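Colleague: Mind looking over this structure? Questions follow.
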Amino acid sequence: MAKGKTNTEDYLRMYRQMVRIRTFEDNANQLYLSAKMPGLTHMYSGEEAVAVGICEALTDNDRITSTHRGHGHCVAKGAEFKEMFCELLGKEEGYCRGKGGSMHIADQSHGNLGANAIVGGSMGIATGSALRAKLQGADDVTVCFFGDGATAQGLLYEVMNMAALWNLPVIYACENNGYSEYTKTEEIAAGSITARAEAFGIEAFRIDGQDVLAVNELTQKLVARCRNGEGPFFIELETYRYHGHHVGDINREYYRSKEEEKDWKQNRDPIVRFRSWLVDQGIASEEEIEAMNAEIEKDATEAVAYAEAAKYPDAAEVDMHVYAD
Amino acid sequence: MREITLSQAVNEAIAEEMRRDPTVFLLGEDVAEAGTPFKVLSGLVEEFGTERIIDTPIAEPGFVGLAVGAAMTGARPIVDLMFGDFIYLVMDQLCNQAAKQHYMSGGKLSVPMVLRTNLGATRRSAAQHSQSLQALVAHIPGLKVAMPSSAYEAKGLMKTAIRDNNPVVIFEDKLMYQDKAPVPEEEYLIPFGEANVKREGRDITLIATSSMVQVAEKAAETLAAEGISAEVIDPRTIVPLDEATLLASVRKTSRAIVIDEGHQSYGVTAEIASRLNEKAFYHLDAPVLRMGAMDVPVPFSPALEDITVPTPEGVVANARKLCAGEMINAA
Ligand SMILES: Cc1ncc(C[n+]2csc(CCOP(=O)(O)OP(=O)(O)O)c2C)c(N)n1
Ligand SMILES: [Mg+2]
């Protein structure tokens with residue numbers, strides 16, 4: 001594994017954040033399976049090293065834009081379980097007072113400008129945030145998360161062109177999990193994804209998205225260069241989603257084999273890999289890691305219970321927030 | 001008569017027209033093996049192959065543009081737009097390109113394409129997957145707009161749409177895909193611009209589209225028990241609109257409520273209500289009422305979402321007031 005952050009606390013925090021994402025998703029999936037969650041949701045499990053590797057290279061002042069598969073980005077950027085589960089259940093104490101739900105969680109306090117239910121819908125927003133930073137002389141960086149499927153959206157090419165022309169501090173992070181919905185990436189993406197960014201003169205990287213240290217190391221460098229006026233950058237992160245496209249996508253052998261899923265889970269799991277690295281390096285013992293896992297599990301269980309009991313927004317809120325004051 | 005689901009009805013209509021006319025093909029996201037997320041098109045790729053049931057990248061303006069070009073040069077494409085909310089992405093191709101070619105070319109070019117998509121809230125899908133945007137396209141001259149209210153309409157209107165020489169947008173209610181209705185085995189088409197009087201009545205006319213037809217019918221049941229006789233009319237296409245049938249009904253009942261799931265302001269209900277006011281004013285005993293979705297983005301929380309759409313109870317309450325001579329919304 002490559003070296004990302006350099007002190008023990010940082011490593012443990014990265015591990016913790018990845019486990020928090022996995023645990024959040026397991027609980028969210030359970031809420032769906034027990035018919036307690038309204039609607040559908042898209043699980044991030046399997047892709048944790050991408051969100052954590054990147055977000056651990058950012059400060060609260062740096063912004064991200066997220067996707068329909070957004071719980072991982074949200075947790076990685078610092079969100080709390082309680083407000084997140086409340087949002088998933090449509091409760092008043094949710095990050096968006098129940099108005100947004102899973103596909104629209106935003107967490108202003110940590111610089112998360114929001115998930116988006118329109119594939120590619122946040123590419124303009126992320127680039128605009130970077131434009132604002134440049135115009136106002138601020139040194140924050142914006143990371144735009146999107147999937148391999150989203151690279152088919154024309155908007156990406158319009159905004160990359162402008163970002164490159166104007167040297168904007170934005171990092172396009174393409175989470176290539178091999179599928180867009182029920183279709184393999186190679187069937188919907190011609191040529192090379194990174195070459196598209198390179199065509200605009202944007203420096204582009206393709207890396208193993210299951211290696212949290214590699215992701216973190218690269219992102220730290222690019223963030224520093226963005227702050228130095230050298231943006232934009234493009235990263236394609238090779239990763240995998242463990243669940244179906246959404247929680248209801250259960251019988252999926254017609255588009256993806258069980259063997260392939262097993263291979264990724266058994267041989268490339270980002271959490272398992274990082275955990276054994278931590279132990280090998282003597283950064284944490286198995287017992288310490290188990291204790292951390294248990295604590296996170298407890299946190300999640302409590303947050304779910306809290307959210308289930310929490311109150312729904314008052315009916316009078318329905319026409320609040322249509323316009324800003 | 002056999003009963004089939006709305007989903008099967010759409011599937012049958014497309015299959016029949018593809019057998020009948022080799023220039024018909026379909027394109028969209030996950031339409032082939034996956035048969036769309038709602039499974040509406042399952043089985044079509046097995047019969048027609050990937051040359052005619054084409055999976056596209058997630059590039060809506062691109063593939064709608066492709067459909068426009070193919071339609072202008074001799075094919076009859078059907079575009080599958082996964083959610084009605086994505087109409088915003090394709091507005092230029094649909095409204096600047098498809099809608100205007102025939103007129104701009106002095107009648108020389110035409111765009112025989114169908115864009116099938118959906119509408120409907122209360123599925124807990126939040127603000128970007130729940131909208132009912134028919135008014136947006138109905139506003140644009142050159143586009144026809146069909147709004148099936150059951151499996152029967154879905155099949156008959158789809159077949160007519162595919163044979164029409166103009167761009168047609170069809171909105172299916174995504175909550176109705178599994179609803180069954182009697183659909184004949186024999187071939188039939190439903191002409192555009194012919195409203196369907198679903199239920200006859202004397203006291204008030206309920207004009208309802210798509211998802212709202214069921215709401216109006218339920219309301220009519222309740223009203224009947226109270227001695228109010230409601231007529232329920234489904235226009236089936238909002239462009240063209242069967243004004244004659246709507247006007248004849250309102251002249252008879254002298255009261256009307258128009259119900260549609262799009263936002264109420266500047267919406268389908270407003271258009272129909274103003275036509276009734278203009279053309280049946282002297283027959284009216286009460287102002288024509290509009291009932292649309294609340295003028296708010298669709299909220300995710302079930303506690304909020306359900307109050308944004310018209311309900312049978314809401315229609316009943318308004319109908320009662322109109323029939324009692326209470327001026328609703330009077331200043
Ligand atoms: C503009 C738009 N088109 C289609 C969809 C439906 N849709 C939701 S997710 C998705 C696949 C996205 O694939 P990718 O970008 O690779 O992200 P992943 O789900 O793999 O994380 C599609 C087609 C949408 N939400 N928005
Ligand atoms: Mg993907």
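Colleague: Can you spot a residue in segment B:103-120 that is within 14 Å of chain A (Cβ to nearest Cβ) and in contact (Cβ under 8 Å) with a residue 24 or more places away in the chain?
Modeller: Initial filter on segment B:103-120 (within 14 Å of chain A (Cβ to nearest Cβ)): B:120.
Still in the list and also in contact (Cβ under 8 Å) with a residue 24 or more places away in the chain: B:120.
Yes, because at least one residue in segment B:103-120 is within 14 Å of chain A (Cβ to nearest Cβ) and in contact (Cβ under 8 Å) with a residue 24 or more places away in the chain.
Colleague: In addition: Among A:197, A:224, A:214, which is in contact with a Phe, Trp or Tyr (Cβ under 8 Å, 6 or more places away or on another chain) and among the small types (Gly, Ala, Ser)? Don't jump to the end; show me each part of the working.
Modeller: Details: A:224 fails: in contact with a Phe, Trp or Tyr (Cβ under 8 Å, 6 or more places away or on another chain); A:214 fails: in contact with a Phe, Trp or Tyr (Cβ under 8 Å, 6 or more places away or on another chain).
That would be A:197, the only listed residue that is in contact with a Phe, Trp or Tyr (Cβ under 8 Å, 6 or more places away or on another chain) and among the small types (Gly, Ala, Ser).
Colleague: Here is a further query. State which residue is farthest from ligand 2 (Cβ to nearest atom) when the search covers only segment A:140-161 and only residues that are within 22 Å of the chain's Cα centre (by Cα) and more than 14 Å from every other protein chain (Cβ to nearest Cβ).
Modeller: Out of the qualifying residues, it is A:140.
Colleague: If you check B:56, B:50, B:36, which single one turns out to be among the β-branched types (Val, Ile, Thr), farther than 23 Å from residue B:92 by Cβ and within 12 Å of ligand 1 (Cβ to nearest atom)? It would help to see each step written out before you state the result.
Modeller: Values: B:56 fails: farther than 23 Å from residue B:92 by Cβ; B:50 fails: within 12 Å of ligand 1 (Cβ to nearest atom).
None of the others qualify; the one that does is B:36.
Colleague: Could I ask something else about it? Do you know which residues across segment A:81-91 are more than 8 Å from chain B (Cβ to nearest Cβ) and in contact (Cβ under 8 Å) with a residue 60 or more places away in the chain?
Modeller: Those that are more than 8 Å from chain B (Cβ to nearest Cβ) and in contact (Cβ under 8 Å) with a residue 60 or more places away in the chain: A:81, A:82, A:84, A:85, A:86, A:88, A:89.
Colleague: Could you tell me whether segment A:67-86 includes any residue that is out of contact with any Cys (no Cβ under 8 Å at 6 or more places or on another chain) and of a type in the set (Ser, Thr, Tyr)?
Modeller: The answer is yes, given that some residue of segment A:67-86 is out of contact with any Cys (no Cβ under 8 Å at 6 or more places or on another chain) and of a type in the set (Ser, Thr, Tyr).
Colleague: Could you tell me whether segment A:189-206 includes any residue that is within 16 Å of ligand 1 (Cβ to nearest atom), among the β-branched types (Val, Ile, Thr) and either modelled with pLDDT under 95 or in a strand (DSSP E or B) (or both)?
Modeller: The answer is no; no qualifying residue exists.
Colleague: Shifting gears a bit: Look at residue A:149 and say whether it is in contact (Cβ under 8 Å) with a residue 24 or more places away in the chain and buried (at least 22 other Cβ atoms within 10 Å of the Cβ). I'd like the intermediate steps shown before the answer.
Modeller: Values: in contact (Cβ under 8 Å) with a residue 24 or more places away in the chain: yes; buried (at least 22 other Cβ atoms within 10 Å of the Cβ): yes.
Yes: the conditions hold for residue A:149.
Colleague: Also, I was wondering about something else. Identify, please: which residue in segment A:161-176 is open to solvent by less than 10 Å² (accessible area, probe 1.4 Å) and more than 16 Å from ligand 1 (Cβ to nearest atom) and is, among those, farthest from residue A:128 (Cα to Cα)?
Modeller: Here the answer is A:171.
Colleague: Considering only segment A:214-237, I want to know if a residue exists there that is under 23 Å from residue A:22 (Cβ atoms), touching a Pro at 6+ places or on another chain (Cβ under 8 Å) and within 16 Å of ligand 1 (Cβ to nearest atom).
Modeller: No - not one qualifying residue is present in segment A:214-237.
Colleague: Does residue B:215 satisfy the condition of being in contact with a Pro (Cβ under 7 Å, 6 or more places away or on another chain) and of a type in the set (A, V, I, L, M)?
Modeller: Values: in contact with a Pro (Cβ under 7 Å, 6 or more places away or on another chain): yes; of a type in the set (A, V, I, L, M): yes.
Criteria met by residue B:215.
Colleague: Give the residue, chosen from A:118, A:125, that is at pLDDT 95 or above, surrounded by fewer than 23 Cβ atoms within 10 Å (Cβ to Cβ) and in a helix (DSSP H, G or I). Show your work before the answer.
Modeller: Details: A:118 fails: in a helix (DSSP H, G or I).
After ruling out the rest, the residue left standing is A:125.
Colleague: Would you confirm, using the coordinates I've provided, whether residue A:179 is open to solvent by less than 20 Å² (accessible area, probe 1.4 Å) and within 11 Å of ligand 1 (Cβ to nearest atom)? Walk me through how you get there before you give the answer.
Modeller: Working: open to solvent by less than 20 Å² (accessible area, probe 1.4 Å): yes; within 11 Å of ligand 1 (Cβ to nearest atom): yes.
Here the answer is yes, as residue A:179 does meet what is asked.
Colleague: If I go through segment B:267-287 residue by residue, how many of them are in contact with a helix residue (DSSP H, G or I) (Cβ under 7 Å, 6 or more places away or on another chain) and open to solvent by 50 Å² or more (accessible area, probe 1.4 Å)?
Modeller: Within segment B:267-287, residues that are in contact with a helix residue (DSSP H, G or I) (Cβ under 7 Å, 6 or more places away or on another chain) and open to solvent by 50 Å² or more (accessible area, probe 1.4 Å) number 3.
Colleague: Here is a list: B:251, B:320, B:290. Which entry is open to solvent by 70 Å² or more (accessible area, probe 1.4 Å), in contact with a strand residue (DSSP E or B) (Cβ under 7 Å, 6 or more places away or on another chain) and either assigned by TED's automatic domain parsing to the domain that holds residue B:208 or not in a loop (DSSP other than H, G, I, E, B) (or both)? Before you say what the answer is, go through the steps one by one.
Modeller: Values: B:251 fails: in contact with a strand residue (DSSP E or B) (Cβ under 7 Å, 6 or more places away or on another chain); B:320 fails: in contact with a strand residue (DSSP E or B) (Cβ under 7 Å, 6 or more places away or on another chain).
Exactly one of B:251, B:320, B:290 is open to solvent by 70 Å² or more (accessible area, probe 1.4 Å), in contact with a strand residue (DSSP E or B) (Cβ under 7 Å, 6 or more places away or on another chain) and either assigned by TED's automatic domain parsing to the domain that holds residue B:208 or not in a loop (DSSP other than H, G, I, E, B) (or both), namely B:290.
Colleague: Filter segment A:23-44 for residues that are away from chain B (no Cβ under 14 Å) and surrounded by fewer than 24 Cβ atoms within 10 Å (Cβ to Cβ) and give the result.
Modeller: Listed by number, the residues that qualify are A:23, A:26, A:27, A:29, A:30, A:33, A:34.
Colleague: Among residues belonging to segment B:175-194 that are in contact (Cβ under 8 Å) with a residue 60 or more places away in the chain and open to solvent by less than 70 Å² (accessible area, probe 1.4 Å), point out the one that is farthest from the chain's Cα centre (by Cα). Steps first, answer last, please.
Modeller: First, pick out the residues of segment B:175-194 that are in contact (Cβ under 8 Å) with a residue 60 or more places away in the chain: B:176-185, B:187.
Cutting the leftovers down to open to solvent by less than 70 Å² (accessible area, probe 1.4 Å) gives us B:176-177, B:179, B:181-184.
Details: B:176: 12, B:177: 13, B:179: 16, B:181: 17, B:182: 19, B:183: 18, B:184: 21 Å.
In this case the residue turns out to be B:184.
Colleague: Within segment B:121-138, track down each residue that is on the phi > 0 side of the Ramachandran plot and either open to solvent by less than 10 Å² (accessible area, probe 1.4 Å) or without any contact (Cβ under 8 Å) to a residue 24 or more places away in the chain (or both). Break it down stepwise before answering.
Modeller: Of all residues in segment B:121-138, those on the phi > 0 side of the Ramachandran plot come to B:122, B:124, B:126.
Once the filter is applied, which keeps residues that are on the phi > 0 side of the Ramachandran plot and either open to solvent by less than 10 Å² (accessible area, probe 1.4 Å) or without any contact (Cβ under 8 Å) to a residue 24 or more places away in the chain (or both), segment B:121-138 yields only B:126.
Colleague: Hey, can you tell me all the residues within segment A:162-190 that are away from ligand 2 (no atom under 15 Å from the Cβ) and either more than 14 Å from chain B (Cβ to nearest Cβ) or not small (Gly, Ala, Ser) (or both)? It would help to see each step written out before you state the result.
Modeller: Just the residues of segment A:162-190 that are away from ligand 2 (no atom under 15 Å from the Cβ), to begin with: A:162-171, A:190.
Residues satisfying the conditions are A:162, A:163, A:164, A:165, A:166, A:167, A:168, A:169, A:170, A:171.
Colleague: Could you count how many residues in segment A:100-156 are within 16 Å of ligand 1 (Cβ to nearest atom) and of a type outside the set (D, E, K, R)?
Modeller: Of the residues in segment A:100-156, the ones within 16 Å of ligand 1 (Cβ to nearest atom) are A:100-105, A:114-126, A:143-156.
Next, only the ones that are of a type outside the set (D, E, K, R) stay: A:100-105, A:114-126, A:143-147, A:149-156.
Qualifying residue count, segment A:100-156: 32.
The values are calculated or read from the model by the stated rules, or taken from the named source; none is laboratory data. Predicted, not measured: the structure shown is a model, and the values here were computed from it. When we count neighbours, we look across all protein chains shown, and the Cβ atoms used for this are built from the backbone with ideal geometry, even at glycine. Keep in mind that these areas ignore ligands, DNA and RNA; they rest on the heavy atoms of the full protein, side chains included. Shrake-Rupley method; radii C 1.70, N 1.55, O 1.52, S 1.80 Å.
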